[in-house]
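Undergrad: Right, I'll just put the structure down here and ask away after.
The values are calculated or read from the model by the stated rules, or taken from the named source; none is laboratory data. Just so we're clear, the structure is a prediction, and the values are computed from it rather than from any experiment. Using ideal geometry, Cβ is built from the backbone for each residue, glycine included, and neighbour counts are taken over all protein chains shown. The area values use the complete protein model at the heavy-atom level, side chains included, leaving out ligands, DNA and RNA. Shrake-Rupley method; radii C 1.70, N 1.55, O 1.52, S 1.80 Å.
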Amino acid sequence: MRVFGIAGWSGSGKTTLMERLLPELVRRGARVSTVKHAHHAFALDRPGKDSHRHRTAGAAEVLVASGGRWAVLHELRDEPEPPLPYLLSRLAPVDLVLVEGFKRFPLPKLEVHRPVVGKPLLCGGDPHVVAVASDAALAGLPVPLLALDDVAAVADLALRAACPVAALAGGGQDG
């Protein structure tokens, strides 16, 4: 399995790019999975649902299954947030895993940058940023600039720059 990151500040357009990138990669014949870093507590189940009742009653994991999909909810409780390599090891094998977030983790990544967000570029201080995608012209970048809406170019980059999952070592946790 190979892995490639899509990183940037909140509001920069990472998820929108992922939504457009995934069908392009699938159209090219790639089997793709994703890992999304959440910045806050999130819930996939709701109060009153059986899975929520199991989880809040103390289950360490709840596996929910149907004819259409299945999911495992793992409650961390007092455990630390698991590192990205561990999370990747939990996925079924695919051609490419796109990682949204984990902006400080050392993996090859595309930085999504929109000046209107008002945040600094990551690429100057992160040697793992291999290109920047933006909706504006940005001068003096240390890496190539792609148009944020050029999904074909982003797909080419992701397929070319992805590294084997086994090549990842420790690193930052945050999104």
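Undergrad: Would you check if Ala139 is out of contact with any Gly (no Cβ under 9 Å at 6 or more places or on another chain), free of Cβ contacts under 8 Å to residues at least 40 places away in the same chain and closer than 20 Å to Arg20 by Cβ?
TA: On the way: out of contact with any Gly (no Cβ under 9 Å at 6 or more places or on another chain): yes; free of Cβ contacts under 8 Å to residues at least 40 places away in the same chain: yes; closer than 20 Å to Arg20 by Cβ: no.
Spelling it out, it is not the case that Ala139 is out of contact with any Gly (no Cβ under 9 Å at 6 or more places or on another chain), free of Cβ contacts under 8 Å to residues at least 40 places away in the same chain and closer than 20 Å to Arg20 by Cβ.
Undergrad: Residues that are among the hydrophobic types (A, V, I, L, M, F, W, C), open to solvent by less than 60 Å² (accessible area, probe 1.4 Å) and in contact (Cβ under 8 Å) with a residue 60 or more places away in the chain: does the range 53-67 have at least one?
TA: No, the conditions are met nowhere in the range 53-67.
Undergrad: Which of the residues spanning the range 4-14 are closer than 15 Å to Val132 by Cα and either among the basic types (Lys, Arg) or open to solvent by 70 Å² or more (accessible area, probe 1.4 Å) (or both)?
TA: Residue satisfying the conditions is Lys14 alone.
Undergrad: Within the range 1-116, considering only strands (runs of 3 or more DSSP E) that don't extend past its boundaries, which have at least 3 residues that are touching a Phe, Trp or Tyr at 6+ places or on another chain (Cβ under 9 Å) and under 24 Å from Pro144 (Cβ atoms)?
TA: Here the list reads 96-100, 109-113.
Undergrad: Okay, moving on. Quick check on my filter: what residues within the range 112-142 are touching a Leu at 6+ places or on another chain (Cβ under 9 Å), buried (at least 16 other Cβ atoms within 10 Å of the Cβ) and aliphatic (A, V, I, L, M)?
TA: Val112, Leu121, Val129, Val130, Ala131, Val132, Ala133, Leu141
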